[in-house]
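J.: Handing you this structure, nothing more for now.
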Amino acid sequence: MSTQRVADVAIDPRAGGAEALYTYLADSTLHPGAAVFVPLGPKANLGFVTTVYEATEEELGFPFKSLKPILGLIQGLSLPASVIELAKFIAAEYLCPLPVALSAATPPGMRDRLVTAWNLESDDPGTVLTPLQAEVVRVMKDAGGFLVDQKGKRLEAATVRSLRLLQTRGVVNQSLRILPFPEKKKGDVLLHL
C-alpha cells in the first residue's frame with residue numbers, strides 16, 4: 001500500500017475558509033505551524049498547517065490524484081507548535097472547529113501585510129543579461145539582495161517580467177513574506193499651557 005505525505009491546513013473562516021480542515025500534498029520541508037497559501041476553489045487562501053503525516057488513499061477516503069499541492073510557504077509568519085497544540089486543546093475543550101480556535105492566535109491584519117519578495121540567489125548569472133536585467137540585479141544588490149512588490153508600491157511590469165526571466169535562470173527566487181507592522185513615529189509636539 002503506497003503512502004503520501006499530506007498536510008492538514010486550517011484556513012481562517014473570516015478569510016473565506018469554512019470551519020473545516022483541508023488536506024493538501026506536503027513536501028519534506030513543511031512543518032506544523034507553517035503559514036501557507038493554498039488553493040480553495042478559484043482563489044488562493046492563507047492558512048496554517050496543523051498536522052503533517054503519511055497517509056494511504058484508504059485513510060484519506062479519496063485518491064491521491066485529488067490532492068492539490070500547497071502553492072507557497074510564507075516567510076516570517078509561522079506559528080510555534082505550542083500555539084497549534086493550544087488551539088487543538090481549545091477546539092476539543094470548547095467544542096469549536098480548529099480553524100475558529102486558531103484564528104484567535106493569528107496576527108491581526110496579516111493578509112494586508114503580505115507581499116511578494118524577490119530574493120537574489122546568485123550575483124553571477126553565468127550568462128549574458130539584458131541591460132534591464134543587469135540593472136535589476138544591480139538594484140537588488142544595492143537594496144540588500146531583495147525587492148518587494150506590495151500594494152501602493154508596485155514594481156513596474158517590465159521589472160516583473162525581468163525578474164521572472166531571471167527566476168528561470170536561477171538568479172532570483174520569488175517568495176511570499178509578511179511585512180512587520182509599520183512603526184508609528186512619535187511627534188516632538190510639546191504642549192504649552
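The values are calculated or read from the model by the stated rules, or taken from the named source; none is laboratory data. Here the structure is a predicted model, which is why all the values come from computation and not from measurement. In this analysis, Cβ positions are derived from the backbone assuming ideal geometry, glycine residues included, and neighbour counts consider all displayed protein chains. Note: areas computed on protein heavy atoms with side chains; ligands, DNA, RNA excluded. Shrake-Rupley method; radii C 1.70, N 1.55, O 1.52, S 1.80 Å.
J.: I'm trying to understand the selection: among the residues of the stretch 120-136, which are buried (at least 16 other Cβ atoms within 10 Å of the Cβ) and in contact with a strand residue (DSSP E or B) (Cβ under 7 Å, 6 or more places away or on another chain)?
T.: Residues of the stretch 120-136 that are buried (at least 16 other Cβ atoms within 10 Å of the Cβ), as a first pass: 120, 125, 129, 133, 136.
Selection gives L120 alone.
This table checks each residue for (1) in a strand (DSSP E or B); (2) of a type outside the set (D, E); (3) open to solvent by less than 40 Å² (accessible area, probe 1.4 Å).
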position: P32; (1), (2), (3): no, yes, no
position: G47; (1), (2), (3): yes, yes, yes
position: E59; (1), (2), (3): no, no, no
position: E85; (1), (2), (3): no, no, no
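J.: Determine, yes or no, whether G72 is in contact with a strand residue (DSSP E or B) (Cβ under 8 Å, 6 or more places away or on another chain), open to solvent by less than 40 Å² (accessible area, probe 1.4 Å), small (G, A, S) and touching a residue at least 24 places away in the same chain (Cβ under 8 Å).
T.: On the way: in contact with a strand residue (DSSP E or B) (Cβ under 8 Å, 6 or more places away or on another chain): yes; open to solvent by less than 40 Å² (accessible area, probe 1.4 Å): yes; small (G, A, S): yes; touching a residue at least 24 places away in the same chain (Cβ under 8 Å): yes.
Yes; evaluated as a whole, the condition is true for this residue.
J.: Looking for whichever is open to solvent by 60 Å² or more (accessible area, probe 1.4 Å), within 29 Å of V160 (Cβ to Cβ), out of contact with any Pro (no Cβ under 7 Å at 6 or more places or on another chain) and among the hydroxyl-bearing types (S, T, Y) here; the options are S2, S66, S78. Which one fits? Full working, then the answer.
T.: Details: S2 fails: within 29 Å of V160 (Cβ to Cβ); S66 fails: within 29 Å of V160 (Cβ to Cβ).
Just a single option satisfies the conditions, and that option is S78.
J.: I'd like to check something: does the stretch 161-170 contain any residue that is open to solvent by less than 100 Å² (accessible area, probe 1.4 Å), without any contact (Cβ under 8 Å) to a residue 40 or more places away in the chain and part of a loop (DSSP other than H, G, I, E, B)?
T.: Taking every residue of the stretch 161-170 in turn, none turns out to be open to solvent by less than 100 Å² (accessible area, probe 1.4 Å), without any contact (Cβ under 8 Å) to a residue 40 or more places away in the chain and part of a loop (DSSP other than H, G, I, E, B).
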